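FYI, it's all coordinate maths here, none of it is from the lab. All values derive from a computational prediction rather than experimental measurement. A quick note on method: Cβ atoms are made from the backbone with ideal geometry, for glycine too, and the neighbour counts reach across all protein chains shown.
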Amino acid sequence: MVTPKASLFDRAMQASFWSMALRGTTRSIGFVRNVVLARILAPEDFGLFGIALLVLSIIERFSESGLKSALVQKKDDIAEYLDTVWTVLAARGVALALALYFSAPYVSRFFEEPAATLLIQALGLTIFLRGIRSTGILYFSRDLEFHRSFVLRSVETVVELIVSVVAAVILKSAWALLLGLVASNLTMAILSFMLHPYRPRIRLDWSQLRELHTYGRWIYLNQMLNFLTLKGDKLIIGKLLGAPMLGAYMLAVSISEVLTLEVARITNDVGFPAYSRMQDQHARLRKWFTTATTLVFSVTFPMAVALALLALPLTLLVLGTKWTDVATVLPPLAFAGVVRAVGGNAGAILKGIGRPNISFHAGLVSVGAMYASIFPLVQAYGLPGVGFAVLLGPLVSVPIALYRICRLINISFSDVVGVFLPGLVLGVATAMPIFVVMPASGPVPLLQLILIGLLAAAAYLAVAALLWKAGRTGPFSLVSLLRARRERSRRTLSTATR
C-alpha cells in the first residue's frame, strides 16, 4: 500500500494550525507576563528596557543579511548552504554584541537616561545567542513543519515568563525584563540544536554568499524599512516624551499586536513558503491570496473595532489607573495593525514570487508618510499623535502593494471589493452591541464588560454565518474549503489504496 504524500494545501493548512497555535500560545503567555509585570513594575522600568531594545533592534535590523529568507525561498535543497550561513550569522552576532557594548554610553546620553547603559551592554549577550542558533531550524519554515517551531517557541516563551516574573518580584526593576529575555534566547539556542540533527561547521563559500545576496539584498532593505516603521516611532517617543511614555506606548503596542499584527505574522510565516512553492502558478496564487486576505481582514478588522471602542475600560480593568495613557493610543494602533496584517499577506506573496523589491518601494512610501506626519502630530496630540502617524503609513503604502499584486497575477477590481466587503460588514456588526450596552461614561464593571464581549462575539458569528449562506464568503469560507479538501483527500487515498 502506498500512502500519497501530503499536498501543498494540506501541509499549508497544518502549518497554519500550528502557526496559529504558536502565536496564540506565545502571545497569551506574553500578555499574561506583561499584565503581571505592569502590576509590579513602573512605566519608567518598561521605558528603560524599551530604550535598550530599540538599540538592539537598530543594530540587528541594519545588519540584517536576508540570508535566512533567501534559503527559505530557494527551490532546491539548502543543505550545502547551511554552514556558510551559520558562519556569517555567528560572526555577525559576535560583532554586534561588541558594538552594543561600546555604543551603550553614547546611546544613554542621547536619551538622557544613564540607567540604560548597563541594560544595553547586557543585551549584547542576547544578540550573540541569536547568532549561534542552528540554521537547521530553517527547515521548519521551508518544509512547513510548524509543529516543531511550536515546541521551540513555546518553551522559549514559558522560560521568559517564569524568569522575568520571578526576577521582577525580587529585583523590582527593568533588569527583570532583561533577565527573562536572556534566559529565553539561551533556551532557544540550546533547543535549536536539540530539535534538528544539523551540526554547524565554520565554513565560508563566497560564491554561495553572492548567490544568496542577489535575493537577500531586498530582504535587507525591507528589514531596514520595517525597523523604521515598527521601531522608529519608539525612538521618537523615547527622545521627545521620555521613558514613562515610551513604557506606556510599548505596552499599548503589545496589546494591539495580540489581536491584529499576529495574524500578519501567521500569514507571513505560512504564506511565504507556500507562495514560494507555487510562484509560477498564477491561478493558484490568485485563489490563495484572495482567500487569505479575506480571512485576515474579516478577523482583524472587527477585532480592531472592538478594541478601539473598549480601550479605556479594558485598560483600567486589566492594567490599572497608572496606565491610562495606554488607552489613548490603543485605537489608532489597533487599526494600524489591521492594515499591516493585510500588508503582511501582500509582502508574503511578493517575497514568494521573487518580487521583494515591490515591498521595498511600498515600504519607502509608508516610512515617508509616517515620518512626515509624526512630529506635527506628536506636538499637537502627544502620545495619540504617534498612533495616528503609525496608522497613516500603511494606509498609504498597502494599497500600492495590492495594486501591483493585482497587476502581476491578474486580480480584478470586483475581486478586490469582494475581499474587503465581508470584513467591513462584520466590523459594523461587532460594534453595534458595544454601542448599545456600554455606558456613555464611567468605569465598566467586569461582568458588564464580559457581557459586552459575549454579545459582540455573538453578533460577529451570526453575521459571519449569514455572509456564508448569502454569498459563500467571510471567515466561514475556510471551513467549507477545509471540508472540500478533506473529501478530495479521502477520494485520493481511497484510489491509491485500491
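See the values below:
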quantity: Residue-wise HN-Hα coupling along the range 371-377, computed from phi with Karplus coefficients 6.51, -1.76, 1.60 (Hz; x: Gly, Pro); calculated: 6, 5, 9, 5, 5, x, 6
quantity: Estimated distance in nm for a label pair at residue 318 and residue 155, the labels positioned 7 Å out from Cα along Cα-to-Cβ; calculated: 2.9
quantity: J(HN,Hα) series, the range 30-44, from Karplus relation 6.51 cos²θ - 1.76 cosθ + 1.60, nearest Hz, glycine and proline x; calculated: x, 5, 4, 4, 5, 5, 4, 5, 5, 6, 9, 9, 9, x, 5
quantity: For residue 473, distant residues with modelled amide H under 5 Å away; calculated: 468
quantity: Cβ-derived FRET efficiency at R0 25 Å, residue 371 paired with residue 106, nearest 0.05; calculated: 0.65
quantity: Ranked list, fewest to most other Cβ atoms within 10 Å of each Cβ, for 438, 432, 250; calculated: 432, 438, 250
quantity: Gain in span if fully extended, residue 210 to residue 432, counting 0.36 nm per residue against the direct Cα distance; calculated: 74.3 nm
quantity: Modelled FRET efficiency - R0 45 Å, residue 282 with residue 202, Cβ distances, 0.05 increments; calculated: 0.60
quantity: Spin-label pair residue 40/residue 407, simplified geometry with 7 Å Cα→Cβ offset, distance in nm; calculated: 5.4
quantity: Sequence of 206, 323 once ranked by neighbouring C-beta atoms within 10 Å, starting from the fewest; calculated: 206, 323
quantity: Separation in nanometres of the label points that stand 7 Å from Cα toward Cβ, at residue 94 and residue 469; calculated: 6.7
quantity: Taking 175, 288 and counting other C-beta atoms within 10 Å, the order from fewest to most; calculated: 175, 288
quantity: Contour excess over end-to-end distance, with Cα ends at residue 455 and residue 417 and 0.36 nm allotted per residue; calculated: 10.9 nm
